[in-house]
1. Where Lys and Arg each count +1 and Asp and Glu each count -1, what net charge lies around ALA31 among other residues with Cβ under 10 Å from its Cβ?
2. Can you tally the net charge around GLU108? Count Lys and Arg as +1, Asp and Glu as -1, for every other residue whose Cβ sits under 11 Å from the Cβ of GLU108.
3. Once amide H atoms are placed 1.01 Å from N in the peptide plane, what residues at a sequence separation of 5 or more from ARG142, or on another chain, have their amide H within under 5 Å of its amide H?
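Any read-out appearing in this document is the output of simple, stated calculations on the displayed coordinates, not a laboratory observation. All values derive from a computational prediction rather than experimental measurement. So basically every Cβ, Gly included, is an ideal-geometry build from the backbone, and we count neighbours across all protein chains shown.
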Amino acid sequence: VPALVLVVAASASTPALPPLDPVARTPVAAADDDTDRLGEAVVAVLDAVRTQSAAAGASRGDGSPTPEPLDVAAMLADPEAWRGRPVRVTGRLEQVAARPEAGPDVMEWFIRTAGGPVAVLLVNPPRTPEGRRLTVDGWVIRRAEAIGRDGRRRSHPLVVAAGVPGSDAAGDGASAGGLLPLAALAAAATLLVVVRRMVVRSRRNAGDAAGD
């Protein structure tokens with residue numbers, strides 16, 4: 001019986017981000033570094049994300065920014081140059097924490113990237129286990145400080161996510177833009193069942209032929 005290999009692929013395109021809300025640009029430009037307090041800039045961008053969530057997936061036009069990979073070292077060295085810039089954060093989820101002062105719908109994810117840890121604030125994120133590799137697009141707000149699990153205070157970039165994160169292609173077999181569609185997985189499962197039946201029937205026919 002010839003072998004049948006099934007491959008389920010997903011697009012790896014990089015979608016544009018919606019422009020940062022004009023109301024949020026002023027507080028972001030004046031954000032204070034080296035603090036763990038949320039501040040006006042973070043609150044303004046979170047409100048903008050909540051407002052824009054209804055338009056997620058809509059066409060954003062040629063003027064929409066395309067996220068660039070976040071250079072952690074460069075951002076920490078010159079945070080002012082990175083404020084408000086659309087970035088892509090890819091790494092492994094190390095820690096999840098609630099930020100009730102930002103609202104009951106906000107969670108903070110610490111993502112370990114190749115350049116170091118990054119704190120990402122998300123509005124209504126999906127439940128995601130620690131240890132998973134993923135990709136998040138959003139805007140840089142400022143350089144923040146926090147006390148790690150080892151008790152040491154460290155600086156890291158603070159990013160507000162633009163939407164729901166996706167699994168990283170290198171870690172979970174999905175595209176950077178999102179998880180594999182359920183419809184594709186269902187189709188794959190159906191095809192596997194059909195193939196299994198074909199194999200069983202072929203073996204049965206071969207056994208009948210041998211008996212004759």
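1. Working: positive: ARG83, ARG142, ARG143; negative: ASP32, ASP33, GLU40, GLU80.
Taking every Cβ under 10 Å from that of ALA31, the sum is -1.
2. Numbers: positive: ARG99; negative: ASP36, GLU101.
After counting each charged neighbour, the total is -1.
3. Under 5 Å from the amide H of ARG142: LEU158.
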